[in-house]
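What follows is one structure encoded as structure tokens, with my remarks underneath.
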Amino acid sequence: MDFADPFFGISWLDALIRLVIVVGVMTLVVMYLIYGERKLLGRFQQRKGPSYTGPAGLFQSFADAIKLVGKEDLRPRNADRWVFEFAPFAAFIPVFVILVTLPFAQDWGVRNLGLGLFFVFAVLGLNIVGILMAGLGSGNKYALLGGVRAAAQMISYEIPLVISLLAVAMVAGTLNLNEIVLLQENRPFVLIQPLAFVIFFTAMLSELHRAPFDIPVAESEISGGYFIEYSGIRWSMFQLTEYAALWAFSIFGAVVFLGGWAFPFGLEWGWGWQLFLTIFKSFFLIFLVMWMRATVPRLRIDQLMNFCWKVLIEVSFLLIIVNGFFLYYGWSETILGLVNWAGAIVFIGLVYSRGIRRSRAREYVGTYRNPEAATP
Amino acid sequence: MTVWPDTREGTLDVGGFETVDMTINVGPQHPSTHGVFRMVLTVDGERVVDAEPYIGYLHRGLEKLTENSDYRQSMGWWDRTDYLAGMCCEGAYCMAVEKLAGIEVPDRAEYIRVIMMELSRINSHFMFFGAFGADLGSFGTSFVYGWRERERIYDLFEEVAGDRMFPTYFRPGGLTMDLPDNFEHRCRWVLSSVRQGLEDFDGLLTGNEIFVERCRDLSPVTQEQAINWGLTGPMIRATGLKWDIRRAEPYSIYPHLKFEIPVGRQGDVFDRFMVRMAEAYQSSRIIEQCLDEMPRSGLVLNPDLPTTLRVPAGECYLRTEGTKGEYSVHAISDGSNKAYRMKLRSPAFCNLSALREMVIGTYVADAIIILGSLDIVLGEVDK
Amino acid sequence: MTNEEPQQTESPPARPLATLASTQSPNQQLRKTLEDTLAKVHPNTPFEIGETKTDVNLHCPPEHFAALVTTLKERKELAFDMLRNMSGVDYEEGLTCAYHFYSFAHNYSLQVTVKCPPDNTHIPSLTGLYAAALWHEREAAEMFGFVFDGHPNLKNLLLEEDLNIHPLLKAHPLAKPEILQGIEESKPGFDF
């Protein structure tokens with residue numbers, strides 16, 4: 001059966017069935033992502049994480065979901081009623097729509113769009129609307145700050161995100177996600193476009209409001225940001241959005257950069273192996289995101305914007321220019337990869353060395369480690 | 001840093017748009033106010049234009065209670081002031097009473113007191129590292145790192161005194177009871193774990209680029225400002241002033257112990273953090289010396305004390321180096337069995353009074369970590 | 001501004017450690033300097049120098065207080081640049097305010113005691129000289145009813161803003177918190 005073939009030959013029934021499958025799978029995956037994140041953070045933080053509800057706490061997310069559905073749906077008196085109530089859906093639907101286009105295996109997916117990459121960019125931008133609605137409609141100053149921070153951050157980081165993906169599209173020569181995956185049958189694009197991957201991963205963290213870019217939801221500053229006034233089912237919609245977006249982005253990253261279902265022996269070993277590859281790669285990216293969350297502190301909003309506008313955008317434009325030269329003159333892909341690797345290493349090295357240079361921490365650190373050393 | 005016009009009155013005309021300053025209420029229920037502290041920030045976008053702190057949500061009338069209870073009864077109130085380092089507060093209170101009454105303390109008790117006070121200091125500093133990391137947004141990891149060592153120190157306190165946070169272990173004239181048998185072994189084990197904990201914090205926070213970017217050059221304080229604002233403790237040492245009451249106006253057995261006074265350079269948030277880090281290490285050095293030198297046996301409570309402690313009339317201002325700064329007690333007695341007046345000079349109270357000057361002109365996110373770097377304990381601020 | 005390592009005190013061998021009596025005690029050198037300087041700068045001020053158990057204690061009337069503190073801060077041989085504490089005391093014959101100053105340059109510690117007359121609680125504010133006095137004075141004002149002339153913002157700090165009582169006065173009743181809240185008629189427990 002091909003992508004385009006409708007189930008039972010009826011197109012509306014086909015659409016319904018596919019969407020129901022996506023919603024069901026997504027909800028289940030999100031529940032276990034939350035469980036997995038809590039377990040992982042527990043490991044990073046020398047504690048156990050959820051361990052009482054069910055074997056090894058496996059049913060914890062179900063218990064939470066039941067509790068959230070049972071909670072009272074509160075609305076502040078000075079909230080803008082319809083904006084407040086529709087905001088979670090406006091935030092959720094774009095993420096859900098992205099999942100529709102992603103290829104999980106060769107013939108597994110909802111729709112195979114010719115301009116899949118383009119569709120994903122276009123729909124992603126709509127996510128901001130829901131978050132701004134929540135921020136402005138809540139009638140809360142923390143929510144307002146959070147919403148405005150989120151808008152500024154997401155709109156800014158959309159640009160390097162799109163450009164880094166365009167760099168890959170230039171190399172691939174297509175915007176169809178399935179064809180991009182097929183082109184990576186022998187080597188994933190991360191090997192020849194590592195700098196694009198670094199930019200994509202950074203921008204993805206920012207779009208997802210994950211540490212160190214969790215400024216719009218900063219718990220210790222504005223205590224939750226735009227969803228501070230939400231409770232019960234509407235709050236859980238935001239939670240669902242957050243984790244569904246995490247999953248969608250990770251699959252997207254796995255498809256575009258890590259070879260999706262095709263890279264090692266995808267075409268030979270059948271659909272089971274392909275599905276495993278996609279899921280495994282996306283979960284690897286999710287693991288990286290969670291690891292970051294457990295480790296790094298949060299940036300400040302001006303540092304975040306500076307990093308985007310003064311560093312990431314320039315680097316990504318440079319990447320596109322370099323790619324253009326290579327494609328125009330038809331130079332070898334190996335050299336393109338080498339140049340990109342050099343760029344990625346220099347980029348990470350510069351960011352890292354800046355922190356070390358600015359800290360002058362070693363002098364102090366030496367003081368406290370060596371009791372006999374003179375104080376500075 | 002942008003210099004804001006001095007004459008800001010509500011609205012400001014920027015390019016045809018009218019912008020209005022917004023007030024944000026932070027606290028008393030807020031994740032980063034370290035208790036029940038409240039500040040009203042006036043912000044222009046993300047910039048803090050004005051800040052007004054409100055305290056007193058935890059005011060329990062410590063001084064009035066002390067005036068109306070016996071010298072030994074009010075012990076329990078005093079270790080509830082700086083509740084992260086209860087033993088330091090007990091130490092200051094007991095020494096003030098001893099100073100007034102002229103009570104001698106046995107040597108062994110002096111050593112045990114110093115061990116306990118320094119363990120409390122480590123305990124409080126670990127709480128600071130953890131909470132400061134959480135303020136910066138390191139999602140609980142630093143918090144759990146800090147709690148791990150604190151848990152071990154609290155276990156030790158429980159073995160010694162029977163209680164974890166509020167041990168009420170000291171008495172005017174000595175200690176309640178002697179140490180348990182295996183104390184030295186356990187204490188050395190705790191110290192090794194403390195040093196491991198410091199290494200862990202060093203790896204988690206100090207070397208992190210984002211941590212450095214956030215904390216370096218943030219709200220630098222000069223020595224003159226620090227002295228004028230009455231900052232003490234790690235806050236003033238971060239400015240480079242080598243002033244520690246344990247050295248400048250020594251008490252107990254500190255003149256006999258070897259330790260360094262760590263100082264910073266420019267008094268910014270990063271220096272405040274690093275000074276506390278080095279200080280916790282020096283405390284572990286002090287404890288090791290005490291364990292080596294202390295008398296192996298002997299009395300821990302002055303045997304000549306009467307059943308009812310009547311303190312001759314007099315006045316003293318006893319200075320100690322608490323965990324947050326100068327923790328001093330101004331005590332006045334009138335010859336009865338109750339203090340006539342006991343005033344607590346709370347270090348966190350004085351440090352907090354400089355908050356407004358420190359946060360103006362910074363970002364909202366910075367205001368939070370500047371507040372965190374003051375290391376306030378509301379039990380001590382509000383008395 | 002460095003502080004030398006303090007000298008280890010010579011004590012009889014039966015008690016080798018420094019006791020409190022030997023460590024924090026009134027500085028006789030400060031007392032002498034203070035007497036000389038004040039006699040020179042303020043010949044007509046009726047001050048009086050005594051000692052507490054830990055500090056040199058300078059008694060001075062409130063009307064000369066501001067001028068005296070300016071001298072203490074600005075004279076080079078004294079240089080009391082930090083106001084480390086201030087506490088009100090309610091003696092039966094009138095309110096008293098004790099200020100503790102510290103000099104980083106000389107490692108001096110000084111207590112200045114200002115005794116108000118029974119019917120007058122006005123003391124000049126030190127906020128112009130020491131920023132640290134801002135909160136200390138607010139606290140003393142709400143707890144004892146001092147009026148610090150020249151303080152920019154003398155509202156309640158620890159107590160509720162509209163609670164006009166002075167709890168640390170000896171005359172303030174200790175028990176019956178209901179009286180303070182004006183609800184002495186109500187039954188114990190909550191009304192639902």
* Structure fact -> Screening A:I233, A:I215 for residues that are under 30 Å from A:E72 (Cα atoms), modelled with pLDDT of 85 or more and open to solvent by 20 Å² or more (accessible area, probe 1.4 Å) leaves only A:I233
* So which residues in segment A:232-280 are small (G, A, S) and more than 15 Å from A:L99 (Cα to Cα)? -> A:G232, A:S236, A:G259, A:A262, A:G266, A:G270, A:G272
* Mind checking which residues of segment A:105-145 are among the aromatic types (F, W, Y) and surrounded by 22 or more Cβ atoms within 10 Å (Cβ to Cβ)? -> A:Y142
* To do: Select from segment C:85-107 the residues that are in contact (Cβ under 8 Å) with a residue 40 or more places away in the chain and of a type in the set (D, E, K, R) and list them in ascending order.
  => C:D90, C:E92
* Structure fact -> For segment B:86-108, the count of residues that are in a helix (DSSP H, G or I) and farther than 30 Å from B:I369 by Cβ equals 13
* To do: With respect to B:F157, determine if the residue is crowded, with 18+ Cβ neighbours inside 10 Å, more than 7 Å from every other protein chain (Cβ to nearest Cβ) and either more than 21 Å from B:D375 (Cβ to Cβ) or at pLDDT 85 or above (or both).
  => yes
* **In segment A:44-71, the residues that are open to solvent by 40 Å² or more (accessible area, probe 1.4 Å), within 19 Å of A:F283 (Cα to Cα) and touching a helix residue (DSSP H, G or I) at 6+ places or on another chain (Cβ under 6 Å)** => A:F44
* **Filter pass, C:K40 being more than 14 Å from every other protein chain (Cβ to nearest Cβ), out of contact with any Pro (no Cβ under 7 Å at 6 or more places or on another chain), in a helix (DSSP H, G or I) and modelled with pLDDT under 90** => yes
* Structure fact -> Exactly one of A:L41, A:L74 is touching a Gly at 6+ places or on another chain (Cβ under 8 Å) and either buried (at least 17 other Cβ atoms within 10 Å of the Cβ) or in a helix (DSSP H, G or I) (or both), and that residue is A:L41
* Structure fact -> Among (1) open to solvent by less than 60 Å² (accessible area, probe 1.4 Å); (2) within 10 Å of chain B (Cβ to nearest Cβ), C:P62 falls short only on (2)
* Asked: Any idea which residue in segment B:342-383 is farthest from the chain's Cα centre (by Cα), counting only those that are within 10 Å of another protein chain (Cβ to nearest Cβ) and open to solvent by 10 Å² or more (accessible area, probe 1.4 Å)?
  -> B:Y363
* Would it be correct to say that B:E288 is charged (D, E, K, R) and either in a loop (DSSP other than H, G, I, E, B) or facing another protein chain (nearest Cβ under 9 Å) (or both)? -> no
* **Total residues in segment C:125-165, condition touching a residue at least 60 places away in the same chain (Cβ under 8 Å) and open to solvent by less than 30 Å² (accessible area, probe 1.4 Å)** => 1
* To do: Kindly provide the set of residues from segment B:198-242 that are basic (K, R) and open to solvent by 30 Å² or more (accessible area, probe 1.4 Å), ordered by number.
  => B:K242
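In this structure, does B:N302 turn out to be in contact with a strand residue (DSSP E or B) (Cβ under 7 Å, 6 or more places away or on another chain) and within 13 Å of another protein chain (Cβ to nearest Cβ)?
yes
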* For the subset of segment B:243-261 comprising residues that are open to solvent by 10 Å² or more (accessible area, probe 1.4 Å) and touching a Lys or Arg at 6+ places or on another chain (Cβ under 7 Å), which member is nearest to B:Q282 (Cα to Cα)? -> B:F259
* The lone exception for B:Y83 - which of (1) touching a Ser or Thr at 6+ places or on another chain (Cβ under 8 Å); (2) away from chain C (no Cβ under 11 Å) it fails -> (1)
* Answer with yes or no whether B:F139 is open to solvent by 70 Å² or more (accessible area, probe 1.4 Å), within 14 Å of chain A (Cβ to nearest Cβ) and of a type outside the set (V, I, T). => yes
* Asked: Which condition breaks for A:A150 when tested against (1) more than 28 Å from A:I199 (Cβ to Cβ); (2) buried (at least 19 other Cβ atoms within 10 Å of the Cβ)?
  -> (1)
* Select from segment C:65-107 the residues that are among the β-branched types (V, I, T), more than 21 Å from C:E139 (Cα to Cα) and open to solvent by less than 20 Å² (accessible area, probe 1.4 Å) and list them in ascending order. => C:T71
* segment B:44-55, residues that are buried (at least 21 other Cβ atoms within 10 Å of the Cβ) and out of contact with any Lys or Arg (no Cβ under 9 Å at 6 or more places or on another chain) -> B:V48
* Asked: So which of B:Y111, B:Y83, B:Y145 ends up being among the hydroxyl-bearing types (S, T, Y), in a helix (DSSP H, G or I), over 30 Å from B:E209 (Cβ atoms) and open to solvent by 10 Å² or more (accessible area, probe 1.4 Å)?
  -> B:Y111
* Asked: Looking only at segment B:202-222, which residues are touching a residue at least 24 places away in the same chain (Cβ under 8 Å) and more than 7 Å from chain A (Cβ to nearest Cβ)?
  -> B:L204, B:L205, B:C215, B:D217, B:L218, B:S219, B:P220, B:V221, B:T222
* Structure fact -> Here the residues within segment B:56-90 that are in contact (Cβ under 8 Å) with a residue 60 or more places away in the chain, out of contact with any Phe, Trp or Tyr (no Cβ under 7 Å at 6 or more places or on another chain) and among the polar types (S, T, N, Q) are B:N68, B:S69, B:S74, B:T81
* Structure fact -> Of the conditions (1) more than 26 Å from B:G27 (Cα to Cα); (2) buried (at least 24 other Cβ atoms within 10 Å of the Cβ); (3) of a type in the set (A, V, I, L, M, F, W, C), the single one that B:A313 does not satisfy is (2)
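Out of curiosity, is A:R210 surrounded by fewer than 24 Cβ atoms within 10 Å (Cβ to Cβ), in a helix (DSSP H, G or I) and among the charged types (D, E, K, R)?
Details: surrounded by fewer than 24 Cβ atoms within 10 Å (Cβ to Cβ): yes; in a helix (DSSP H, G or I): no; among the charged types (D, E, K, R): yes.
Judged against the criteria, A:R210 is not a match.
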* For segment B:56-76, how many residues are in a loop (DSSP other than H, G, I, E, B), open to solvent by less than 20 Å² (accessible area, probe 1.4 Å) and over 12 Å from B:D382 (Cβ atoms)? -> 3
* To do: With the condition kept exactly as written, say whether any residue in segment B:160-179 is outside any loop (DSSP other than H, G, I, E, B), farther than 30 Å from B:R310 by Cβ and away from every other protein chain (no Cβ under 13 Å).
  => no
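The values are calculated or read from the model by the stated rules, or taken from the named source; none is laboratory data. This structure is a prediction, so every number in the text was calculated from the model and none was measured. Here the Cβ is made from the backbone with ideal geometry for all residues, glycine too, and neighbour counts use every protein chain on show. Please note that ligands, DNA and RNA were not included when accessible areas were found on the heavy atoms of the full protein model with its side chains. Shrake-Rupley method; radii C 1.70, N 1.55, O 1.52, S 1.80 Å.
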